[in-house]
Amino acid sequence: DAYAPLAIQTVSDAALHRPFPSARPFDGQRLLVENFIPIQSIIFRKSLFDHFGGFNPDFDHLEDWNLWVRYAQVGDFMYTPKVTSIYLTPNDPDIRQKRHLQLHAAYETVRDKNLEDVAKLQAKLSADKGHLSISSQRWT
């Protein structure tokens with residue numbers, strides 16, 4: 001499973017391209033408490049979805065972060081230092097601020113759920129050791 005940095009483009013007449021500021025090698029402990037992997041920059045095996053499910057329907061924001069935390073319980077994501085996507089953000093600072101505040105408001109709830117999910121998954125993975133069909137090897 002792998003992820004890559006991306007470029008952010010602000011919608012305006014003069015487009016701004018810049019690398020994602022926190023793009024760096026994978027750190028599972030950091031992922032537990034910080035959402036540093038953008039949603040569109042991850043590829044993963046279908047077996048992860050089959051075993052751990054998809055997005056938590058209780059979340060309107062940061063559902064991707066919770067998903068990456070769950071998937072990372074069976075192995076690290078491989079960091080690929082290549083921009084693989086570009087996404088657009090509104091040029092209107094009020095709209096950008098509103099989105100930022102929505103994410104900020106959801107952060108603690110999702111972080112707490114991540115820690116809860118990890119505890120449950122680690123207990124299940126320990127009990128199921130040897131019975132998982134998910135390879136924990138990295139893609140190369």
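The values are calculated or read from the model by the stated rules, or taken from the named source; none is laboratory data. What you see is a predicted model, and the numbers here were worked out from it, not measured in a lab. Cβ sites come from the backbone with ideal geometry, for glycine too, and all protein chains shown count toward neighbours. These area figures cover heavy atoms from the full protein model, side chains too; ligands, DNA and RNA do not enter into them. Shrake-Rupley method; radii C 1.70, N 1.55, O 1.52, S 1.80 Å.
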Can you tell me how many residues in the stretch 35-62 are open to solvent by less than 40 Å² (accessible area, probe 1.4 Å) and under 18 Å from D112 (Cβ atoms)? 4
Counting only residues that are open to solvent by less than 20 Å² (accessible area, probe 1.4 Å) and either of a type in the set (S, T, N, Q) or in contact with an Asp or Glu (Cβ under 7 Å, 6 or more places away or on another chain) (or both), the stretch 63-74 contains a total of 3
Among the numbered conditions (1) over 17 Å from R30 (Cβ atoms); (2) out of contact with any helix residue (DSSP H, G or I) (no Cβ under 9 Å at 6 or more places or on another chain), tell me where Y87 comes up short. (2)
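Is it the case that N35 is polar (S, T, N, Q) and more than 8 Å from the chain's Cα centre (by Cα)?
On the way: polar (S, T, N, Q): yes; more than 8 Å from the chain's Cα centre (by Cα): no.
Criteria not met by N35.
Among the residues of the stretch 85-107, which ones are of a type outside the set (S, T, Y), over 16 Å from W65 (Cβ atoms), in contact (Cβ under 8 Å) with a residue 40 or more places away in the chain and surrounded by 12 or more Cβ atoms within 10 Å (Cβ to Cβ)?
First, the residues of the stretch 85-107 that are of a type outside the set (S, T, Y): 86, 88, 90-106.
With over 16 Å from W65 (Cβ atoms) added as a condition, the list becomes 86, 88, 90-98, 101.
Within this subset, residues satisfying the condition of being in contact (Cβ under 8 Å) with a residue 40 or more places away in the chain are 86, 88, 90-91.
Of everything in the stretch 85-107, those that are of a type outside the set (S, T, Y), over 16 Å from W65 (Cβ atoms), in contact (Cβ under 8 Å) with a residue 40 or more places away in the chain and surrounded by 12 or more Cβ atoms within 10 Å (Cβ to Cβ) turn out to be I86, P90, N91.
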Taking the stretch 35-57, which residues are in contact (Cβ under 8 Å) with a residue 12 or more places away in the chain and within 22 Å of L101 (Cα to Cα)? N35, F36, I37, P38, I39, Q40, F55, N56
